[in-house]
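Down below is the structure, laid out as structure tokens.
The values are calculated or read from the model by the stated rules, or taken from the named source; none is laboratory data. Keep in mind that this is a model prediction, so the values were computed, not measured. For neighbour counting, all protein chains shown are included, and Cβ atoms are generated from backbone atoms with ideal geometry for every residue, glycine included.
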Amino acid sequence: MDNKLPAMAGGKPIRGEYLAFGRPVICEDEINEVIDALKSGWLSTGPKTELFERRFAQYIGSQFACALNSCTAGLHLSLIVTGIGEGDEVVTTPMTFCATINVIVHLRARPVFVDIRRDDYNLDPSRIEEKITSKTKAILPVHLYGYPCQMDEILRIARENNLVVISDCAHALEAEHQEKKVGALGDLATFSFYATKNVTTGEGGMVTGSDLSFEERLRVLRLHGLSVDAWKRYSQEGTGGYDIEVPGYKYNMSDIQAALGLRQLEKVEEYLKIREQYWQMYNQAFSEIEEIITPSEPNNGRHAHHLYPVLIKSECLKINRNDFKEALHQENIGTGVHFQPVHLLSYYQKTFGFKRGDFLNAEYVGDRTLSLPLSPGLTPDDIVDTIEAVKRIASYYRR
Ligand SMILES: Cc1ncc(COP(=O)(O)O)c(C=O)c1O
């Protein structure tokens, strides 16, 4: 890219103040709920976590919800409680955050990638069956950007091949497939409350499901493997005694995090509406720009509209996606790349022999995807600035 960017060419950037990507919205009621947790004298997993779990399960329509300190922890424990271990194969998508795949490797199991579809960017169910072997134990769909996967197809394949389904719903809290929350489908589903997510607890996660024997094991494993949690040991209910039947992990959520989550969850639908409005503004503005491919919408479900990913058609421009991102940065607009396909990351290439060319659709999207600002904390003017900047860069670098 030459260094004469549109911002410089025009004398000054489109925005005066930098537009940070994914800044969370924290209001007085959330701050007060956290203060309440701090003043209560109980900071770790306790009554606020329990209440958050109950309300979360209600929202999703699942039998239970188990709160953790991250979605990564949720994926790890979900694989453990469904019996995934050394030598097992987990069928999943390369177009995800590394966390989805790292936990498979932690258990000495093997990630088996299925390429994505070019319309919804999710793993292609029609290509799953050819990857199933005697070692396959699970399918791990990721509802990328909030677009629900074709769960009816995935569940049918799982049923016919005796596989478990663990859904990565990090982006898909509000997403539905055929009028059911995706978090209520399959065996287990995991959620993220990382700072940029639709509901945040700063850091945090949740696992939902319907089989109560999974719930029991999740609760034990999230806290060292203790037979009785701290709330029961130290409160008036407890005797102080405990046992360890299995060495567990330190993956529990604190009541400080749950306090934030409780108040955030109350606003989940209101915030979704705002993101939907901005999503439509972007779609409309970019519909006639040939260099930009806009994201699609499901026709048999609900998109969670977590991220707004455009594909930058570098073949129509003098610059590539990374240059486009840098040009937006110079216009004072922060963006994100979600994600670099996992099979192109060096550990995965070295360990499993993956190479460029293995998953062409994931590579096409991974090379071009760019997430524009989409948060309920933004104003319509922020979206207009972003649109203007994208248009200015696209026309400046048009071939
Ligand atoms: C698709 C996906 N899965 C899993 C994770 C991990 O979430 P956490 O940071 O809560 O562990 C992320 C985080 O951004 C993600 O985007």
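May I ask you to list pairs of residues, at least six apart or on different chains, whose Cβ atoms are under 8 Å apart, with the first in segment 211-229 being under 12 Å from A65 (Cα atoms) and the second being part of a loop (DSSP other than H, G, I, E, B)?
D211/Q63; D211/D187; L212/Q63; F214/T82; F214/D187; E215/Q63; R219/D229
So, in segment 103-157, exactly how many residues are touching a helix residue (DSSP H, G or I) at 6+ places or on another chain (Cβ under 9 Å), surrounded by fewer than 16 Cβ atoms within 10 Å (Cβ to Cβ) and more than 23 Å from F191 (Cβ to Cβ)?
4
Inside segment 55-81, can you point out the residues that are of a type in the set (A, V, I, L, M) and either under 11 Å from G183 (Cα atoms) or within 14 Å of the ligand (Cβ to nearest atom) (or both)?
A57, I60, A65, A67, L68, A73, L75, L77, L79
Please enumerate the residues belonging to segment 14-28 that are over 29 Å from L328 (Cα atoms) and surrounded by 13 or more Cβ atoms within 10 Å (Cβ to Cβ).
Of everything in segment 14-28, nothing turns out to be over 29 Å from L328 (Cα atoms) and surrounded by 13 or more Cβ atoms within 10 Å (Cβ to Cβ).
For every residue, the table says whether it meets (1) closer than 20 Å to E363 by Cα; (2) outside the structural domain of E153 (by TED's automatic domain parsing); (3) over 20 Å from the mean Cα position of the chain (by Cα).
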{"position": "R275", "(1), (2), (3)": "no, yes, no"}
{"position": "M281", "(1), (2), (3)": "no, yes, yes"}
{"position": "E288", "(1), (2), (3)": "no, yes, yes"}
{"position": "A304", "(1), (2), (3)": "no, yes, no"}
{"position": "K313", "(1), (2), (3)": "yes, yes, yes"}
{"position": "N322", "(1), (2), (3)": "yes, yes, yes"}
{"position": "I333", "(1), (2), (3)": "no, yes, yes"}
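Quick grid of which residues meet (1) more than 30 Å from K137 (Cα to Cα); (2) assigned by TED's automatic domain parsing to the domain that holds L188; (3) out of contact with any Phe, Trp or Tyr (no Cβ under 6 Å at 6 or more places or on another chain); (4) crowded, with 20+ Cβ neighbours inside 10 Å:
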position	(1), (2), (3), (4)
G41	yes, yes, yes, no
E53	no, yes, yes, yes
L68	no, yes, no, yes
H76	no, yes, yes, yes
G85	no, yes, yes, no
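Which condition does E290 not pass, out of (1) crowded, with 17+ Cβ neighbours inside 10 Å; (2) outside any helix (DSSP H, G or I), if it passes all the others?
Unmet for E290, out of (1) crowded, with 17+ Cβ neighbours inside 10 Å; (2) outside any helix (DSSP H, G or I): (1).
Show the residue pairs that are 6+ apart or on different chains and have beta-carbon atoms under 8 Å apart, the first residue being within segment 348-362 and outside the structural domain of T93 (by TED's automatic domain parsing) and in contact (Cβ under 8 Å) with a residue 60 or more places away in the chain, the second being surrounded by fewer than 17 Cβ atoms within 10 Å (Cβ to Cβ) and β-branched (V, I, T).
Here the result reads T351/V105, each pair linking segment 348-362 to a residue that is surrounded by fewer than 17 Cβ atoms within 10 Å (Cβ to Cβ) and β-branched (V, I, T).
Residue by residue, here is whether (1) within 16 Å of the ligand (Cβ to nearest atom); (2) at pLDDT 95 or above; (3) surrounded by fewer than 16 Cβ atoms within 10 Å (Cβ to Cβ) holds:
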residue	(1), (2), (3)
G205	yes, yes, no
G238	no, no, yes
D255	no, yes, no
I274	no, yes, no
Q284	no, yes, yes
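Checking the condition in the same structural domain as G261 (by TED's automatic domain parsing), more than 20 Å from the chain's Cα centre (by Cα), surrounded by 14 or more Cβ atoms within 10 Å (Cβ to Cβ) and hydroxyl-bearing (S, T, Y), which residue from T72, T93, T45, T100 passes?
None of the others qualify; the one that does is T45.
Just give me the residues in segment 364-375 being crowded, with 20+ Cβ neighbours inside 10 Å and part of a helix (DSSP H, G or I), in sequence order.
V365, G366, R368
Of P247, P298, which residue is surrounded by 19 or more Cβ atoms within 10 Å (Cβ to Cβ) and not in a helix (DSSP H, G or I)? Talk me through it step by step, then tell me what you get.
Values: P247 fails: surrounded by 19 or more Cβ atoms within 10 Å (Cβ to Cβ).
Sole residue among the options that is surrounded by 19 or more Cβ atoms within 10 Å (Cβ to Cβ) and not in a helix (DSSP H, G or I): P298.
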